[in-house]
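We did not get these values from a lab; they are worked out from the coordinates using the rules stated. Owing to the predicted nature of the structure, the values given are computational and were not obtained by experimental measurement. Don't worry about glycine lacking a Cβ; one is built from the backbone with ideal geometry, like all the others, and counts go over all protein chains shown.
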Amino acid sequence: MTGLSRTRSWRRTAGILSAAALVCGAVLFGLDRLDRAYPPPLENGAEMSREVLDRDGKLLRAYTTQSGVWRLPVTLEAVDPDYVNMLIAYEDRRFRSHRGVDPVALVRAAVQFVLNGGRIVSGGSTITMQVARLIAPRTERSLSAKLRQMARAVQIERRLGKDEILSLYLTLAPYGGNLEGVRAASLAWFGREPRKLTLAQSALLVALPQAPETRRPDRQHAQALLARNRVLARMSAAGLIPESEIARASASQVPGRRLAMPDLAAHTADLAIRTQSDTSSIRLTLDGDIQARLEDLAAETAGRLGPRQSLAMVLADGKTGEVLASVGSTGHLDAARAGAIDMTQAVRSPGSTLKPFIYGLAFEDALIAPETLIDDTPADFSGYRPRNFDRGYMGEVSIREALQFSLNVPAVRLLEAVGPQRLLARLRRGGITLDLPPGGAPGLAIGLGGAGISLRSLVQLYTAFVNNGVVHPLSDGSEPAAPRPLEQPVMATDANWRVADILTGVSAPQGAPRIAIAYKTGTSYGYRDAWAIGFDGRHVLGIWVGRPDAAPVPGLSGIETAAPLLFEAFVRTGLERTDFPAAPAGLVERSRNALPYALKKYRGRDADIGVVADGSLPPQIVYPPQGARVALGSGGSGPLMPLVIKLQGGSGPYRLIANGEALPKPSRRRVLNWTPDSPGTSTLTVMDAEGRAASVSVFIDGN
């Protein structure tokens, strides 16, 4: 070839290359402009299910989208990496290397289509192409639709990284019914988050999106099993998983039913969803594990409660005010017990649960000391005549005994001295305003339940006992803003410690676990509400039992109904007990003999109080009656159960003499417990402080 010919050849080649470059540039420019003009719909995104999480990020409750779909947000880091690797190996082996479309997979699919007589063996779709179909569902199955899907896949790859594309797939892929995304599927089919899946579970979740309706485990169980095992066989053939593990996974069961989504703290979660309407993921202060255990206890207790009775529980960290668990009813779907009503927020009569604050003010004013004596005798306070729960009186008792036995007359005597208005003012320091009767001025009855308060507010007040008298406002995260901190104490430090110390000495209810907590019970007028609220050195737990419609429940009481639940609930929380604080520096505990004269006996305004003279009646055993036959068998060969003996009249302390043998310890209470040694006839005698006695003869049945 001559030099001229060679020059012409190079020129022609350069021209062709230049033209090709111009064409390619024009094509790329056009594609880029087209891409910019018609981008994939990534910005708006699919509507996500709203979720409420606990303090550690664990799902408490979730809500479907407006279209009724479960589509929970999920990140790649929150999914088992073994599942992700299996997904890529099965669906798109070259996912990490291609740019949205895999030519090798397309050629393989075309060849298989021809060799199998027009039957589709594999679709050739990459994970990115599937994401393109999920964000913009196609209305037809055609070559043009497939080409558009491929173009969208290329667009997506230009905009997103591989992990972002995987996250989109894991969020939007269908898994049967109204389940979309691997997180919703894992919760519905296995009852667990996808963070740690078994080999068999991963294989099923890989298989479902290919044909979610024809492989639904709850409706097409056999097809689901076959599809899962095909995935496992592919992994075995590729040598990715040892044969022994494949065999074990293939032998495991496929779930035959769909599980319910997590449904904890329904009342609190619903409130959070209402008050934070613009937030898709809300984190509460609740502890999911504790919440679940207390909800289980509530459901178990429902069977032991009377018809239409419900209960509520609130557990708070008294040092921070954070609510760790809140149970609004026996179950929010329990229509027979009005379970949809959040009874932690309902305003009810608190019974005797406010008495500790009355005693605190009296301690603060130096009106009393723990060993000061006070009269528990009938009294008339300008027409108001309080009576004790058991309708009897204990006579002269110490302040410590008066609070521990929750005696009404001593509490009213002290409230009259400190003043109802002052009590209300101190409670307002704790962020709580009692609900008083319309138009009614606060009277002495507020000390015995003559006002309204919610369980949540009561628990908030009791945080004072673990914070040197300062109340911590409760917060559970359902409100957008945390409550403002409180600074003024409800009680002075010394008074606060004295009250807490007295409450630590209240005997646990019969049969309750023996745990170190202080507690107070309350029963509202007419047996409508039963309360028990307890605390250790850090945590405060409150229990309410009753009917949401405020109807009376005969026999309902704080000590018999709510207190056993309080102790059981404290155990169920699994929290380690925190010790009570030591006495404040400088606080001196004195015996009665060491008290100043003015503190030996509380007299108050006795001159202005008309004493009702029915305390001179001799003692009387009202239960068991004379000649009664009482069954005390335990249903087996074990020891006999205790016999409850109820008294009226007389003056305490009382001494019980059973079959001629006096019990070693007298009691000021009018309810005595005696455990017989054996069945048969027994003679019971009760002697009061003045030597007056009453006797009955009963037959103890051991059956």
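So how do 96-103, 397-404 stack up, highest first, on mean other-Cβ count within 10 Å?
397-404, 96-103
If each residue's Cβ is checked for other Cβ atoms within 10 Å, how do TYR462, TYR90, TYR597, TYR527 rank with the fewest at the top? Each step should come with its number before you reach the end.
Working: TYR462 28, TYR90 19, TYR597 6, TYR527 16.
Least to most surrounded, the residues fall as TYR597, TYR527, TYR90, TYR462.
Taking only the alpha-carbon positions of the range 247-344 and ignoring solvent, what does the Debye formula give for the base-10 log of I(q)/I(0) at q = 0.21 Å⁻¹?
-1.08
At 7 Å along Cα-to-Cβ for each site, give me the label-to-label distance between ARG230 and TRP674 in nm.
A separation of 8.1 nm, rounded to one decimal place.
Compute the distance in nm between two label points, each set 7 Å from the Cα along the Cα-to-Cβ direction, one at LEU333 and one at ALA583.
For LEU333 paired with ALA583, the spin-label model returns 5.5 nm.
Once fully extended, how much extra length lies between GLU690 and GLU243, figured as 0.36 nm per residue of separation less the alpha-carbon to alpha-carbon distance? Each step should come with its number before you reach the end.
Values: separation 447, 0.36 × 447 = 160.92 nm, distance 8.86 nm.
152.1 nm is the gain from fully extending GLU690 to GLU243.
If the chain between ARG257 and VAL644 were fully stretched, how many nm would it gain, using 0.36 nm times the residue separation less the Cα-Cα distance? Write out the running numbers ahead of the final one.
Values: separation 387, 0.36 × 387 = 139.32 nm, distance 5.11 nm.
Here the segment from ARG257 to VAL644 would lengthen by 134.2 nm.
Two-decimal Rg/Rh of the range 620-701 from alpha-carbon positions, Kirkwood Rh?
Numbers: Rg = 12.5 Å, Rh = 12.9 Å.
For the range 620-701, the value is 0.97.
I need the peptides 375-387, 566-578, 125-137 ranked by packing, meaning the mean over residues of other C-beta atoms within 10 angstrom, with the highest value on top.
For the peptides 375-387, 566-578, 125-137, the packing ranking is 125-137, 566-578, 375-387.
Per DSSP H run of at least 4 residues, take -39500 (n - 2.57); add these up for the chain, divide by its residues and hand me the 222 nm value, nearest 500 deg cm²/dmol.
Working: 20 runs with 237 residues, N = 703.
It comes out at -10500 deg cm²/dmol, rounded to the nearest 500.
Have a look at the DSSP beta bridges in the chain and tell me what percent are antiparallel, nearest 5. Mind showing how you got there, number by number?
Numbers: 62 of 72 bridges.
Counting DSSP beta bridges with both partners in the chain, the antiparallel share is about 85 percent.
Using the Cα centre as the reference, give the magnitude of the dipole from point charges on the C-beta atoms of the range 227-329 (Lys, Arg: +1; Asp, Glu: -1; all else neutral), rounded to the nearest 20 debye.
Details: 12 positive and 12 negative charges, 105 e Å.
Its charge dipole is roughly 500 debye.
Skipping prolines and chain starts, which residues have an amide H placed within reach, meaning under 5 Å, of the one on ASP529, given they are 5 or more residues away or on another chain?
Amide H neighbours of ASP529, under 5 Å, 5+ apart: SER524.
About the Cα centre, and with charges only on the beta carbon of Lys, Arg (+1) and Asp, Glu (-1), how big is the dipole of the chain? Nearest 20 debye, please.
Details: 81 positive and 67 negative charges, 655 e Å.
That gives the chain a dipole magnitude of about 3140 debye.
Under a Cβ-only charge scheme (Lys and Arg +1, Asp and Glu -1), can you give me the dipole magnitude of the range 51-251 about the Cα centre, in debye to the nearest 20?
Details: 30 positive and 19 negative charges, 111 e Å.
Using Cβ point charges on Lys, Arg, Asp and Glu, the range 51-251 gives about 540 debye.
Considering the dipole of the range 387-437 built from charges on the beta carbon (Lys and Arg +1, Asp and Glu -1) around the Cα centre, which of GLN421, PRO410, GLY431 is farthest to its positive end?
Most positive-ward Cα: GLY431.
Could you give each residue of the range 276-284 its phi-based ³J(HN,Hα) in whole Hz, using Karplus coefficients 6.51, -1.76, 1.60 with θ = phi - 60°, and x for Gly or Pro?
With the stated coefficients, the range 276-284 comes to 10, 5, 9, 9, 7, 10, 10, 9, 9 Hz.
Would you order TRP70, TRP544, TRP674 from fewest to most other beta-carbon atoms within 10 Å of each residue's own beta-carbon?
Numbers: TRP70 21, TRP544 28, TRP674 13.
The most exposed by this proxy come first: TRP674, TRP70, TRP544.
Taking N as the number of residues in the range 51-251, what is its alpha-carbon radius of gyration divided by 2.2 N^0.38 Å?
On the way: Rg = 17.1 Å, N = 201, 2.2 N^0.38 = 16.5 Å.
For the range 51-251, the normalised Cα radius of gyration is 1.04.
For labels at SER280 and HIS221 in the simple 7 Å Cα→Cβ model, what's the distance in nm?
Modelled inter-label distance: 3.7 nm.
Residues with amide H under 5 Å of LEU53's amide H, sequence separation 5 or more or different chain, H placed in the peptide plane at 1.01 Å from N; which?
Sorted by chain and number, the residues that satisfy this are LEU60, ILE282, ARG283, LEU284.
Based on alpha-carbon positions alone, could you give the equivalent ellipsoid semi-axes of the range 160-273 from the gyration tensor, as √(5λ), descending, whole Å? Let's see the in-between values first.
Details: eigenvalues 144, 61, 37 Å².
They are 27, 17, 14 Å, listed from largest to smallest.
Could you list TYR169, TYR525 so that the one with the fewest beta carbons within 10 Å of its beta carbon is first and the one with the most is last? Display every interim value, and only then the final one.
Working: TYR169 23, TYR525 13.
Ordered from fewest to most neighbouring Cβ atoms within 10 Å, TYR169, TYR525 come out as TYR525, TYR169.
Of LEU444, VAL698, PRO194, which is farthest along the charge dipole of the chain in the positive direction, counting Lys and Arg as +1 and Asp and Glu as -1 at C-beta?
Result: PRO194, furthest along the dipole toward the positive end.
Put +1 on the Cβ of every Lys and Arg and -1 on every Asp and Glu Cβ in the chain; which of THR523, ALA336, ALA346 then has its Cα farthest towards the positive end of the dipole?
Farthest towards the positive pole: ALA336.
A 26 angstrom limit on the alpha carbon distance is what I want to check against. Which of LYS601/LYS646; LYS319/LYS600; LYS600/LYS665 exceed it?
Numbers: LYS601/LYS646 28 Å; LYS319/LYS600 36 Å; LYS600/LYS665 23 Å.
In this structure, LYS601/LYS646; LYS319/LYS600 exceed 26 Å between Cα atoms.
What would the Debye formula give as log10 I(q)/I(0) at q = 0.09, 0.10, 0.11 Å⁻¹ for the alpha-carbon point model of the chain, no solvent?
After summing over all Cα pairs, the log10 values are -0.89, -1.00, -1.12.
Applying 1/(1 + (r/R0)^6) with R0 = 45 Å to the Cβ-Cβ distance of ALA598 and ARG195, what FRET efficiency is obtained, to the nearest 0.05? Kindly include the intermediate steps, with their values, before the conclusion.
On the way: r = 67 Å, r/R0 = 1.49.
Plugging the Cβ-Cβ distance into 1/(1 + (r/R0)^6) gives 0.10.
Once fully extended, how much extra length lies between ASP435 and ALA211, figured as 0.36 nm per residue of separation less the alpha-carbon to alpha-carbon distance?
On the way: separation 224, 0.36 × 224 = 80.64 nm, distance 5.94 nm.
Answer, rounded to one decimal: 74.7 nm.
So, by mean Cβ neighbours within 10 angstrom, what's the order for 583-593, 473-483 with the highest one leading? Walk me through the numbers on the way to the answer.
Working: 583-593: 10.5, 473-483: 16.5.
Highest mean packing first, the order is 473-483, 583-593.
Check which residues have an amide H placed less than 5 Å from VAL471's amide H, if you skip close sequence neighbours.
Sorted by chain and number, the residues that satisfy this are VAL490.
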